[in-house]
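Engineer: Here you go, one structure.
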Amino acid sequence: MSLVVVGSVAYDGVETPHGRVERMLGGAATYISLAASFFTRPRLVGIVGDDFAEEDRQLLASRGVDLEGLERVPGKTFFWAGKYSADMNDRETLTTELNVFADFNPKLPESYRKEPYLLLGNIQPALQRSVRAQMNCLRLAGGDTMNFWIKDYREELLATIAEWDFLLINDSEARLLSGEANLRKAAPRILAMGPHTLVIKRGEYGAILFREDSYFIVPGYLLEDVFDPTGAGDCFAGGFIGYLAEQGFDLKSGRIGRSDLSRAVIYGSVMGSFCCERFGVDRFRELTRAEIDARFEEFRKFTSF
Ligand code: AMP
């Protein structure tokens, strides 16, 4: 059973205290798909220009990512550049060139429409909504958003997430969306907007999974060196939904429940941590499932008492 992933496929320029890369493969859908590919078969929906390199396409294909839904049109691929602060907790966007992404109007290939799992990367809420409407047999759908949509497209965003099972956002976005500074108070307000499951990501401090009657807190993995945090949130999302897809998660059947969601949050954290170990997507070129599972066990050890 496969996972449909929608979002940006990009070239990124990134500067961190460890170095600078002018142009490398990036984009939310790229990171989500690569991370999820260790658990399930991602089927990507996105758009690139005719400058999109064959070797980048090959990398995705080599990880088993289905690229039938990756449209290629004349023009340039979306380009984003950012620079991180010394502690890497803040980043400044230097450039956003939408290029062909400005006209992205996702149309799902027929073969994608019956898939049970959907991860909507951070794009305009109306587009996220239209993708969800194109799917016929969903078991689990959710996604990500960002400050810009929360502030300037609020009504559209609320109508969109009302139809989602889960929402993954960072702490500042949760505060903005709920109007509550306290995360414990923010969570029920957001759950009342539609999703039954909320994951609030807290960067290096980990993440919290909230459901109506419970919460589960996971710390961040203590990396010795963070080379490049770009895409960590997307890789978290890829690990989270990828694991649930691998398990055949189906809330309606009641077969898999809360503990699987907790494990999914750990796998999300594991994939986010691997992402930071190299620049861009480089860590995923040689990562193995055995390394992923070993880090999952490490999480179990350092959180048990
Ligand atoms: P993250 O670090 O998880 O926020 O993801 C960073 C990725 O998001 C980069 O690879 C960028 O190419 C991509 N990105 C940055 N800005 C946007 C945007 N406005 N819309 C879609 N994707 C974006």
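The values are calculated or read from the model by the stated rules, or taken from the named source; none is laboratory data. No experiment lies behind these values; they were computed from the predicted model shown. Ideal geometry is used to build each Cβ from the backbone, glycine not excepted, and the neighbour counts take in all protein chains shown.
Engineer: Looking at the range 96-110 only, could you name the residues that are in contact (Cβ under 8 Å) with a residue 40 or more places away in the chain, more than 10 Å from the ligand (Cβ to nearest atom) and not charged (D, E, K, R)?
Structural biologist: The answer is N99, V100, P106, L108, P109.
Engineer: With the requirement that a residue be on the phi > 0 side of the Ramachandran plot and within 19 Å of the chain's Cα centre (by Cα), what does the range 50-82 give you?
Structural biologist: The one that is on the phi > 0 side of the Ramachandran plot and within 19 Å of the chain's Cα centre (by Cα): G64.
Rundown of residues vs (1) more than 18 Å from G121 (Cα to Cα); (2) within 16 Å of the ligand (Cβ to nearest atom), yes/no style:
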{"site": "W164", "(1), (2)": "no, no"}
{"site": "I169", "(1), (2)": "no, yes"}
{"site": "S178", "(1), (2)": "yes, no"}
{"site": "Y205", "(1), (2)": "yes, yes"}
{"site": "D213", "(1), (2)": "yes, no"}
{"site": "D225", "(1), (2)": "yes, no"}
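Engineer: Counting residues that are out of contact with any Cys (no Cβ under 8 Å at 6 or more places or on another chain) and polar (S, T, N, Q), which helices (runs of 4 or more DSSP H) fully inside the range 104-181 reach at least 2?
Structural biologist: 125-133, 171-178
Engineer: Need the failing condition index for A186 against (1) small (G, A, S); (2) away from the ligand (no atom under 16 Å from the Cβ); (3) in contact with a helix residue (DSSP H, G or I) (Cβ under 7 Å, 6 or more places away or on another chain); (4) in a loop (DSSP other than H, G, I, E, B), just the number.
Structural biologist: Failing condition for A186: (4).
Engineer: Take the residues of the range 283-297 that are surrounded by 15 or more Cβ atoms within 10 Å (Cβ to Cβ) and in contact (Cβ under 8 Å) with a residue 24 or more places away in the chain: which is farthest from F227 (Cα to Cα)?
Structural biologist: F296
Engineer: Residues R72, R91, R57: which one is without any contact (Cβ under 8 Å) to a residue 24 or more places away in the chain and either polar (S, T, N, Q) or over 23 Å from F249 (Cα atoms) (or both)?
Structural biologist: Answer to the check: R57.
Engineer: Restricting to the range 134-153, count the residues that are under 15 Å from L120 (Cα atoms) and near the ligand (Cβ under 10 Å from one of its atoms).
Structural biologist: Residues flagged as under 15 Å from L120 (Cα atoms) and near the ligand (Cβ under 10 Å from one of its atoms) within the range 134-153 amount to 3.
Engineer: Determine whether the range 16-39 contains at least one residue that is touching a Phe, Trp or Tyr at 6+ places or on another chain (Cβ under 9 Å), closer than 16 Å to I241 by Cβ, away from the ligand (no atom under 12 Å from the Cβ) and in a strand (DSSP E or B).
Structural biologist: Looking for residues that are touching a Phe, Trp or Tyr at 6+ places or on another chain (Cβ under 9 Å), closer than 16 Å to I241 by Cβ, away from the ligand (no atom under 12 Å from the Cβ) and in a strand (DSSP E or B), one finds none in the range 16-39, hence no.
Engineer: Do we find a residue being of a type in the set (S, T, N, Q) and either free of Cβ contacts under 8 Å to residues at least 12 places away in the same chain or under 21 Å from R258 (Cα atoms) (or both) anywhere in the range 154-167?
Structural biologist: Checked against the condition, which is being of a type in the set (S, T, N, Q) and either free of Cβ contacts under 8 Å to residues at least 12 places away in the same chain or under 21 Å from R258 (Cα atoms) (or both), the range 154-167 yields no hits at all.
Engineer: Determine if the range 229-250 includes at least one residue that is more than 14 Å from the ligand (Cβ to nearest atom), touching a helix residue (DSSP H, G or I) at 6+ places or on another chain (Cβ under 9 Å) and at pLDDT below 95.
Structural biologist: yes
Engineer: Of everything in the range 62-103 that's of a type in the set (F, W, Y) and part of a strand (DSSP E or B), which residue is surrounded by the most Cβ atoms within 10 Å (Cβ to Cβ)?
Structural biologist: Looking at residues that are of a type in the set (F, W, Y) and part of a strand (DSSP E or B), I get F78.
Engineer: Test of understanding: among F227, F296, F240, F284, which residue is touching an Asp or Glu at 6+ places or on another chain (Cβ under 7 Å) and among the aromatic types (F, W, Y)?
Structural biologist: F227 is the lone residue from the list that is touching an Asp or Glu at 6+ places or on another chain (Cβ under 7 Å) and among the aromatic types (F, W, Y).
Engineer: Right, next: Is there a residue in the range 176-196 that is within 21 Å of G257 (Cα to Cα) and β-branched (V, I, T)?
Structural biologist: Yes, because at least one residue in the range 176-196 is within 21 Å of G257 (Cα to Cα) and β-branched (V, I, T).
Engineer: While we're on this one: Given the structure, is F305 away from the ligand (no atom under 16 Å from the Cβ), assigned to a loop (DSSP other than H, G, I, E, B) and out of contact with any helix residue (DSSP H, G or I) (no Cβ under 6 Å at 6 or more places or on another chain)?
Structural biologist: Taking the combined requirement at face value, the residue satisfies it.
Engineer: Mind telling me which of the residues A159, A181, A186 ends up being in contact with a Ser or Thr (Cβ under 8 Å, 6 or more places away or on another chain) and among the hydrophobic types (A, V, I, L, M, F, W, C)?
Structural biologist: Answer to the selection: A186.
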